[in-house]
Amino acid sequence: MKMPICFFTFASDLYKPYADKMISSFNKFHHNTPIIFFGQRDIDAAKKEGFEMGLLAPYFGSMLSKEYKTVVSIEADNVVCDVLWEIFESNYDVAIALNNYKGAPGFFLPDVPPDIYANTGIVASTSERFWDLWKKMNTKHASRYRFVEQDVVNNMLAFNDFDLKFLDKDKVFYSSSIRKVWDKLELKDGKLYCAKRLVKVIHWAGGGTVKKFNWRERKFDPAVCDHLDYLTT
């Protein structure tokens, strides 16, 4: 019998400090939920099988889906800011966060318009088939795309019959769609809000060239900075 749910993340030695901070924030709200860490040794082993960085989410997700009913990939450069009820309510095959905030220029593909282009900073699935198919499609197609496995999964979801749930379509923020309105972040009654939405996850997207978790340099509100410091320690 499968276990109910697990989260997982992966990080090279270079990214390990971010993963530690993300896991600290996750444990503030879900300390009884397993979060599995795949480090440099696991990444090196995956590389020997042909899975480089940019292909690893479904590689590890497929493995864990044989043991857990719900598997959640959460990238190392996230900060968890609240209880993730939307993920624990398993009324979906795939739950994923949007990449683009309304009214702001964003990414898209020929068959995936900007308003439903998703970000892979956090991806949950109750389907083994999803993880296995994404892993297989990555090996065939990821090298063709700018955003590798993220573009692959967007195309895959557009042409398959998975029951899809957008985590932050309204009322809450997950992942990197919030980047466009970071200047509106505020702390109220111990919770983070932005553009009148409760913030569940902040994803510091942008790849290895982007400086991460630098909220003070970005001049976030001091109370917001203090709260993010607390969440990540």
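The values are calculated or read from the model by the stated rules, or taken from the named source; none is laboratory data. These numbers were taken from a predicted model, which means no experiment stands behind them. Here the Cβ is made from the backbone with ideal geometry for all residues, glycine too, and neighbour counts use every protein chain on show.
Worth a mention:
- Among the candidates Tyr18, Tyr59, Tyr92, the residue that is buried (at least 18 other Cβ atoms within 10 Å of the Cβ), in a loop (DSSP other than H, G, I, E, B) and touching an Asp or Glu at 6+ places or on another chain (Cβ under 9 Å) is uniquely Tyr92.
- Residue match in the range 67-77 (condition: free of Cβ contacts under 8 Å to residues at least 12 places away in the same chain and more than 26 Å from Asn155 (Cβ to Cβ)): no
- Considering the range 1-29, and only residues there that are within 24 Å of Ser90 (Cα to Cα), more than 14 Å from the chain's Cα centre (by Cα) and aliphatic (A, V, I, L, M), the residue that is modelled with the lowest pLDDT turns out to be Met1.
- Selected residue (criterion: farthest from Asn78 (Cα to Cα)) from residues of the range 184-233 that are acidic (Asp, Glu) and over 21 Å from the mean Cα position of the chain (by Cα): Asp189
- Only a single item in (1) crowded, with 17+ Cβ neighbours inside 10 Å; (2) of a type in the set (Lys, Arg); (3) farther than 20 Å from Leu56 by Cβ is not met by Lys169, and it is number (1).
- Any hit, the range 199-214, residues being more than 20 Å from Ala19 (Cα to Cα) and out of contact with any helix residue (DSSP H, G or I) (no Cβ under 8 Å at 6 or more places or on another chain): no
- Of the strands (runs of 3 or more DSSP E) lying entirely inside the range 112-226, the ones with 2 or more residues being in the same structural domain as Ser65 (by TED's automatic domain parsing) are found at 118-125, 164-166.
- Subset of the range 110-121 [over 14 Å from Leu164 (Cβ atoms) and in contact with a Phe, Trp or Tyr (Cβ under 6 Å, 6 or more places away or on another chain)]: Pro114
- Subset of the range 130-152 [closer than 16 Å to Asp115 by Cα and in contact with a Ser or Thr (Cβ under 6 Å, 6 or more places away or on another chain)]: Gln150
- Test: residue in the range 30-37 that is at pLDDT 95 or above, part of a helix (DSSP H, G or I) and surrounded by 14 or more Cβ atoms within 10 Å (Cβ to Cβ): yes
- Hey, Ile74 assigned by TED's automatic domain parsing to the domain that holds Phe8 and under 12 Å from the mean Cα position of the chain (by Cα) or not: yes
- Residue count for the range 38-54, restricted to those that are crowded, with 16+ Cβ neighbours inside 10 Å and within 22 Å of Glu67 (Cβ to Cβ): 5
- Enumeration of residues in the range 123-147 that are modelled with pLDDT under 95 and crowded, with 20+ Cβ neighbours inside 10 Å: Asn138, Ala142
- Test for Lys102: is it basic (Lys, Arg) and assigned to a strand (DSSP E or B): no
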